[in-house]
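The values are calculated or read from the model by the stated rules, or taken from the named source; none is laboratory data. Keep in mind it's a predicted model, so treat the numbers as computed, not measured. Note that we place each Cβ from the backbone using ideal geometry, even for glycine, and neighbour counts take in every protein chain shown. Ligands, DNA and RNA are stripped out before the accessible areas are found, and what is left, the full protein with its side chains, is counted by its heavy atoms. Shrake-Rupley method; radii C 1.70, N 1.55, O 1.52, S 1.80 Å.
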Amino acid sequence: MTEQLAITPGTTVRLAERATRYEGDQFDKKQAADIIHENAKVMANLAYRLYAENRRALLLVLQGMDTAGKDGTIRTVMRGVNPQSCQVISFKQPSEEELDHDFLWRIHRAIPRRGNLGIFNRSHYEDVLVVRVHNLVPETEWRARYDKINAFERLLSEANVTIVKCFLHISREEQRERLQARLDNPDKRWKFSKGDLAERKLWDNYQQAYEDALNRCSTHWAPWHVIPSDRKWYRNLMVSQLMRQALEKLDPQFPACEPGLDDMVVT
Ligand code: AMP
Ligand code: MG
């Protein structure tokens, strides 16, 4: 069900041609909820094994325009996984200390340690997205970052970190509705900032920046997936599936126990 989501390395996708809204009839919202629930149980068990095995790590990278649903995806998909073996890192504007280092410094420190499952809510990709759109560094500098990102992710994958990258793809109209909903709902208004409207005006620039990032940084060791995200339940279902598949592929094993435990009795 997720085959068509990955960007094949070496090909070029046009975001305008990729669906933002699932229109198929293979699943509905109710079935999706059941599958996500089942996946969560399977994932909890596999994450437990990953933790026990303590050799490899799994990293989910979530990117998307404002309101694309990064927080909602994490809430729904990771429900049920033991918090001890899982960590969520949200990348905000870099601090002064972070800006005094190379752009990957803060990222590298946040990579999940072996045995763990990490989730990035935004990531090093901001350094070729918001940074590019707002000219926060000279063009020569951000242009050089795609290769650096690919090399960095290769280093991670060779160090047994499996990377699953998801771009939550929404339409401009869907974003309008969601921003309006944030304004209208007292419980959501805290999420709204006037700056969101200024960013929205730069929609086309962001889409272009995303398109380049996805095309240039979809590699065999860390491919991008474009998730149609106008429908939240479908978005959650796809990310849930990708995470389950990644964990199943890792197939983590309990470590060997000390010999001679079979006949031991605790007195
Ligand atoms: P939010 O995810 O809504 O909490 O917002 C976090 C903000 O931090 C967004 O506006 C991002 O664009 C911004 N941000 C994240 N990483 C960077 C970065 N490397 N450089 C500049 N801004 C960033
Ligand atoms: Mg925000």
Suppose every Lys and Arg Cβ carries +1 and every Asp and Glu Cβ carries -1, with no other charges. What dipole size does the range 184-267 come out with about its Cα centre, to the nearest 20 debye? 720
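If you rank 168, 155 by how much accessible surface each has, with a 1.4 Å probe, what is the order from largest down?
Final ranking, largest accessible area leading: 155, 168.
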With every protein chain in place, what's the accessible area of residue 3 (1.4 Å probe, Å², nearest 10)? 140
Between helix 29-53 and the chain: long-axis angle, C-alpha atoms, 0 to 90°, nearest 10: 50
Gaussian network model of the chain, Cα springs within a sub-10 Å range: biggest mean-square fluctuation belongs to which of 72, 195, 64? 195
Place +1 on the Cβ of every Lys and Arg and -1 on the Cβ of every Asp and Glu in the chain, take the dipole about the Cα centre, and give the residue among 120, 198, 83 whose Cα lies farthest towards its positive end. 198
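Kirkwood Rh, the range 116-195, all Cα pairs: how many Å?
On the way: mean 1/r = 0.0638 Å⁻¹.
Result for the range 116-195 stands at 15.7 Å.
Rank 30, 148, 201, 70 by accessible area, highest first, at a 1.4 Å probe radius?
On the way: 30 130, 148 105, 201 165, 70 15 Å².
Correct descending sequence by accessible area is 201, 30, 148, 70.
Can you tell me the dipole magnitude for the chain around its Cα centre, using point charges on the Cβ only (Lys, Arg +1; Asp, Glu -1), in Debye to the nearest 20?
Details: 40 positive and 38 negative charges, 111 e Å.
Here the size comes out at about 540 debye.
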Go ahead and set up a Gaussian network model of the chain, Cα springs under 10 Å, then flag whichever of 210, 51, 22 fluctuates most. 22
Would you mind computing Rg(Cα) / (2.2 N^0.38 Å) for the chain, counting N as its residues? 1.07
Find how many whole Å separate the alpha carbon centroid of the range 1-70 from the alpha carbon centroid of the range 231-267. 17
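How large, in percent, is the carbon and sulfur part of the accessible surface of the range 124-251 at a probe radius of 1.4 Å? Write out the running numbers ahead of the final one.
Values: 2950 of 6010 Å².
Using a 1.4 Å probe with all protein chains present, the range 124-251 comes out at 49 percent carbon and sulfur.
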Mean-position separation - Cα centroids, the range 73-125 and the range 145-217, in angstrom: 15
If one takes the longest principal axis of the Cα atoms in the chain, at what angle in degrees, from 0 to 90 and to the nearest 10, does the Cα axis of helix 145-158 lie? 10
May I ask which residue of 218, 140, 186 lies farthest towards the positive end of the charge dipole of the chain, with charges of +1 (Lys, Arg) and -1 (Asp, Glu) on Cβ and the Cα centre as origin? 186
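Calculate for the chain the 222 nm mean residue ellipticity that helices alone would give, adding -39,500 (n - 2.57) per DSSP H run of length 4 or more and normalising by residue count, nearest 500 deg cm²/dmol.
Values: 11 runs with 120 residues, N = 267.
Result for the chain: -13500 deg cm²/dmol, rounded to the nearest 500.
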Just read off the accessible area of residue 65 with the full protein assembly in place, 1.4 Å probe, to the nearest 10 Å². 10
What translational diffusion coefficient, to the nearest whole µm²/s, does the range 77-229 have by Stokes-Einstein, given a Kirkwood radius computed over alpha-carbon pairs, a temperature of 10 °C and 1.306 mPa s viscosity? 92
Ordering 199, 53 by the accessible surface of their heavy atoms, 1.4 Å probe, largest first, yields 199, 53
Probe 1.4 Å, all chains present, heavy atoms only: residue 183 accessible area in Å², nearest 10, is 60
